[in-house]
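Peer 1: Take this structure first; my questions come after.
The values are calculated or read from the model by the stated rules, or taken from the named source; none is laboratory data. Since the structure is predicted, the reported quantities are computational estimates derived from the model, not experimental observations. Cβ placement follows ideal geometry from the backbone for every residue including glycine, while neighbour counts extend to all protein chains displayed. The area values use the complete protein model at the heavy-atom level, side chains included, leaving out ligands, DNA and RNA. Shrake-Rupley method; radii C 1.70, N 1.55, O 1.52, S 1.80 Å.
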Amino acid sequence: MRVLLLLTLLALSWSCCNAQNFNFNSFACQFFGNCDESDDPVVIEPVVPVRPRPRPCCLALKSSCLACAEGVTEAEYCRRNPETVGCKPPAPICRCIGDSLECKACTNGVTEEQYCADYPDTDGCPQKPPPRPCCRAFSPKCLACAEGISEEEYCEKNPGYGGCPEKPRPCCKALTAQCLSCVEGVSEEEFCKEKPDTVGCPEEEPVCCLAITASCLACSAGVSVDEYCEDNPETEGCPEEEPVCCEALTAECMACSEGVSEEEYCEENPKTAGCPKEECPEGTEPLGDGCVVIESECFAGCPRGRVCENDKCVRGFSRPDRDFDFDFPGFDFGGFNRG
């Protein structure tokens, strides 16, 4: 009680004197209101209420935004504007009495189907048929039955399990073994086995022959025939190099140009320079392209005014032998012309 009284006196003295100049020696003076005039009076400033800063409100035309804009609660706004978007519809007025399915659903604010889904054992809810016995195999049919769903629904949830078809995976569109095997739904190895020439399939090692020829040896070396022959031109089967032929009009040069032997060329062209000439029979000598008898007076040529007749030089008016061969180039037949 004394403490309470003391606190009261202190409060009264504080109201008339400056608290900084207060001391217990002048307590009596302060108690009777005799404050020293030199003391500064205590200025009590009025408390100005601070208004809360307005919070930003959303601009959508729904109950929460509109209630914020009006500075009221959403429940109060919806009570005044129940049709606003976002306001919960008012609870329906149930016009039924009892524990029927209709009343229970209406009281909970749901439909009868929703109420039965949550409370299937309620009177009036359609009863589910008793579960049928399911097989015990790990097949889509048995497992779907155990889960109470159709086989299609089970396979959709578990593709590729127990015989369920797998979902098609996206395949690339390039013309490679990887993309084409994906499109056909087979492995890349199976695809390459059927179509080994496809890009991306591993190249098969060739089976090479064992002969010592350009093609066999090039296959064993893993190079082309042209590359092998370029390094080994003398190998059998390599194309022979074209010889460099002379340009003279002789049997040797002409035969080389035509790619035949000199004998073959001379057989077809015996008069070519360089081809062996035919041997003249005994008792004759070659002359021009033919042969003449050595004993003939005509061999050395008949003098002017004489002609050769029966291997003898006779006067020019004599009639020459018609069976005599006059084919002696450069000979003067004494004014007679052949034919």
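Peer 1: How much length is gained if the chain between Glu234 and Asn108 is pulled fully straight, taking 0.36 nm per residue apart and subtracting their Cα-Cα distance, in nm to one decimal?
Peer 2: Stretched out fully, the Glu234 to Asn108 stretch lengthens by 34.9 nm.
Peer 1: In what sequence, largest accessible area first, do Thr107, Thr213 appear using a 1.4 Å probe?
Peer 2: Most to least solvent-accessible, the answer reads Thr107, Thr213.
Peer 1: Exactly which trypsin sites (Lys or Arg not before Pro) in the stretch 118-216 are in a DSSP loop and have at most 10 other Cβ atoms within 10 Å?
Peer 2: Taking the stretch 118-216 and a limit of 10 other Cβ atoms within 10 Å, the loop trypsin sites (Lys or Arg not before Pro) found are Arg136, Lys173.
Peer 1: Using 7 Å Cα-to-Cβ label points, what is the Cys209/Thr250 separation (nm, one decimal)?
Peer 2: 4.1
Peer 1: Pull up all non-local amide H partners of Asn232: gap of 5 or more, or a different chain, and H-to-H distance under 5 Å with H placed in the peptide plane.
Peer 2: Close amide H contacts, sequence-distant or interchain: none at all.
Peer 1: In addition: Using DSSP to define loop residues, name the chymotrypsin sites (Phe, Trp or Tyr not before Pro) in the stretch 116-196 whose beta-carbon has at most 15 other beta-carbon atoms within 10 Å.
Peer 2: Phe138, Tyr161
Peer 1: Return the distance in nm (one decimal) between the two label points of a simple spin-label model at Glu194 and Lys173, each offset 7 Å from Cα along Cα→Cβ.
Peer 2: 2.3
Peer 1: Just to confirm the filter: which GluC sites (Glu not before Pro) across the stretch 118-198 are DSSP coil and have at most 13 other Cβ within 10 angstrom of their Cβ?
Peer 2: Glu166
Peer 1: Ok, one more. Label points 7 Å out from Cα along the Cβ direction at Glu268 and Asp99: separation in nm?
Peer 2: In this crude spin-label approximation the distance works out to 12.6 nm.
Peer 1: Moving to a separate point now. Could you tell me whether the stretch 183-248 comes out rounded, prolate or oblate from its Cα gyration tensor? Rule is a ≥ b ≥ c as square roots of the eigenvalues, rounded for a/c under 1.5, then prolate if a/b exceeds b/c, otherwise oblate.
Peer 2: The shape class here is prolate.
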